[in-house]
Amino acid sequence: MHAKQVIEAALFVSSDPVSVDKLAELTGRTPDEVRALIEELRRDYAARDSALEIRSIGGDYYLMQAREALSGLLIELVKPAVAQEVLKTLSLIALRQPVTQAEVVKARGSAAYAHVKELVAKGFVSASPAGRTKMLTTTEKFSDYFGFSRDIAEVKKQIGELLMRR
């Protein structure tokens, strides 16, 4: 099997972004060779006007997804990573971070305790002790999964811009 096919299959089956290092391990190629093969795949998809694209996420991580132009048609087929109410809590944390769990519960109600627990378990939020509560911030996994910057100030700006469009 060719390295390019292994990369394509790995990106297709993974629901999370895949690192260049992992792809190099799978193919036995160097990270630079893997990057070149990914670019080749991108060109292949563009040349045939494919419904799929390969996106770079957070530097040396890649994922395969449907082109953005098709997302509106396909959205009902996608199972969300978190329920709508949990996503609202995550949005609040991302917009106000660093934020205490107490502040989140005050804004979102007592269900936010379970939301925070789920978000920490899924790796989207980190929680560190802060007195009798926890200080919450988003993680790199959050940024990579949802396509935001890894810089907290930039995340807040990006989310603010998204909210302004609604």
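The values are calculated or read from the model by the stated rules, or taken from the named source; none is laboratory data. Owing to the predicted nature of the structure, the values given are computational and were not obtained by experimental measurement. All Cβ positions, glycine included, derive from the backbone under ideal geometry; neighbour counts span all protein chains shown.
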*What number of residues within the range 67-82 are at pLDDT 75 or above and touching a strand residue (DSSP E or B) at 6+ places or on another chain (Cβ under 6 Å)?*
1
*Counting just the residues of the range 142-157 that are at pLDDT below 80 and among the hydrophobic types (A, V, I, L, M, F, W, C), which one comes out surrounded by the fewest Cβ atoms within 10 Å (Cβ to Cβ)?*
F146
_Can you go through D16, D49 and tell me which one is among the acidic types (D, E), out of contact with any Pro (no Cβ under 7 Å at 6 or more places or on another chain) and either at pLDDT 95 or above or closer than 18 Å to K122 by Cα (or both)?_
D16
_Go through the range 1-30 and report how many residues are under 23 Å from G147 (Cβ atoms), of a type in the set (D, E, K, R) and in a helix (DSSP H, G or I)._
3
_Given the criteria in a strand (DSSP E or B), surrounded by 15 or more Cβ atoms within 10 Å (Cβ to Cβ) and either of a type in the set (D, E) or modelled with pLDDT under 95 (or both), does E33 qualify?_
no
*Determine the pairs where a residue that is of a type in the set (S, T, Y), located within the range 6-21, has a partner that is modelled with pLDDT under 95 with Cβ atoms under 6 Å apart, the partner being 6 or more residues away or on another chain.*
S19/D60; S19/Y61
_Unique residue being outside any loop (DSSP other than H, G, I, E, B), within 17 Å of the chain's Cα centre (by Cα) and surrounded by 15 or more Cβ atoms within 10 Å (Cβ to Cβ) when the list is V105, V116, V120, V82_ = V120
